[in-house]
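Okay, so here's the structure we're looking at.
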Amino acid sequence: MRQNLVAGNWKMNLDYQAGLALVSEITNMVADEATGPQAPQVVICPPFPFLAGVGKLLPAGGRFHLGAQNCHQQESGPYTGEVSARMLQSVGCEYVILGHSERRQYFREDDALLSQKVKAALAAGLQPIFCVGESLDTREADETFDFIGGQLENGLFHLSNEEFDRVVIAYEPIWAIGTGRTATSQQAQDVHAFIRERLARAYDAQAALNTTILYGGSANAQNARELFAQPDVDGGLIGGASLKSRDFTEIIKSFS
Ligand code: PEP
């Protein structure tokens, strides 16, 4: 079901003690804020070794949820160093980020592999946060919509309606990730509207309306309110600013 949502992607940052301190600060600061009808769900995505400890610090049954940054496509087996979706679920994860551009670029994860990871995550009861987004070259060549349409089709459209219901999409233009260069709110809205239109064609209008679509790419406490005010932007996937409790809390409060 569509909802306002802010997810913090810690990437490969902090150590365990710093991670626990950060999540304590965030939960304390957010608990002090009034919760209105627009108040978002919050997903914290720390590195694998911190998951169980961070999960214990998230108030149960509330708006905080635990997420991972990746999972393997197989259920179990001889895959040294890998982590399955079922393992993530067993330590309390409800979400997993899949298809982040850093995984696509540095670990050569392609649409075919990602389509298997999405299936594995759903089978284990996790909600994938599936990332799509174009490079600067693609944008400048005016091929953004075709490119993102392809990522959606190849990564997600093998799912049944019931499966697709549990997918969150994050639009993350690669040129905006970690660069300090944010998409304008209009650029974000245009792509989000395009994504919703593609979902309506692949599934149906209701499925498209029900899908949570996040923006990611140098979102911060200053620009979040304008981004989140766009009609098709339901929240954010936040990298750098999720590592600072005050900034992340301000972003969580940026829904009007
Ligand atoms: C991300 O990596 O998902 C991200 C959005 O990073 P940043 O906010 O730092 O651009």
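Being within 16 Å of the ligand (Cβ to nearest atom) and of a type outside the set (Ser, Thr, Tyr) is the filter here; which residues of the stretch 179-213 pass it? Show your work before the answer.
Looking only at the stretch 179-213, we keep the residues that are within 16 Å of the ligand (Cβ to nearest atom), and these are 179-185, 187-188, 191-192, 212-213.
Once the filter is applied, which keeps residues that are within 16 Å of the ligand (Cβ to nearest atom) and of a type outside the set (Ser, Thr, Tyr), the stretch 179-213 yields 180, 181, 183, 187, 188, 191, 192, 213.
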| When the stretch 130-153 is examined, which residues are found to be small (Gly, Ala, Ser) and either open to solvent by 10 Å² or more (accessible area, probe 1.4 Å) or farther than 24 Å from residue 234 by Cα (or both)? | 135, 141, 150
| Residue count for the stretch 238-252, restricted to those that are buried (at least 20 other Cβ atoms within 10 Å of the Cβ) and either in a loop (DSSP other than H, G, I, E, B) or of a type in the set (Lys, Arg) (or both) | 1
| remark: Note on residue 255: of the conditions (1) near the ligand (Cβ under 9 Å from one of its atoms); (2) in contact with a Pro (Cβ under 9 Å, 6 or more places away or on another chain); (3) modelled with pLDDT under 95, unmet is (1)
| Lone qualifier among 164, 157, 145 - being farther than 29 Å from residue 252 by Cα and at pLDDT 95 or above | 157
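So which of 216, 235 is more than 10 Å from the ligand (Cβ to nearest atom) and either in contact with a strand residue (DSSP E or B) (Cβ under 6 Å, 6 or more places away or on another chain) or open to solvent by 50 Å² or more (accessible area, probe 1.4 Å) (or both)? Steps first, please.
Details: 216 fails: more than 10 Å from the ligand (Cβ to nearest atom).
Unique residue meeting the criteria: 235.
Which ones in the stretch 154-181 are among the β-branched types (Val, Ile, Thr), open to solvent by less than 40 Å² (accessible area, probe 1.4 Å) and under 17 Å from residue 224 (Cα atoms)? It would help to see each step written out before you state the result.
Step one: of the stretch 154-181, the residues among the β-branched types (Val, Ile, Thr) are 167-169, 174, 177, 179.
Okay, now just the ones that are also open to solvent by less than 40 Å² (accessible area, probe 1.4 Å), so 167-169, 177.
Correct list: 177 only.
The values are calculated or read from the model by the stated rules, or taken from the named source; none is laboratory data. The structure presented is a predicted model; accordingly, all values stated were derived computationally and were not measured. Ideal geometry is used to build each Cβ from the backbone, glycine not excepted, and the neighbour counts take in all protein chains shown. For the accessible areas, the whole protein counts, side chains as well, though only heavy atoms, and no ligand, DNA or RNA atoms are used. Shrake-Rupley method; radii C 1.70, N 1.55, O 1.52, S 1.80 Å.
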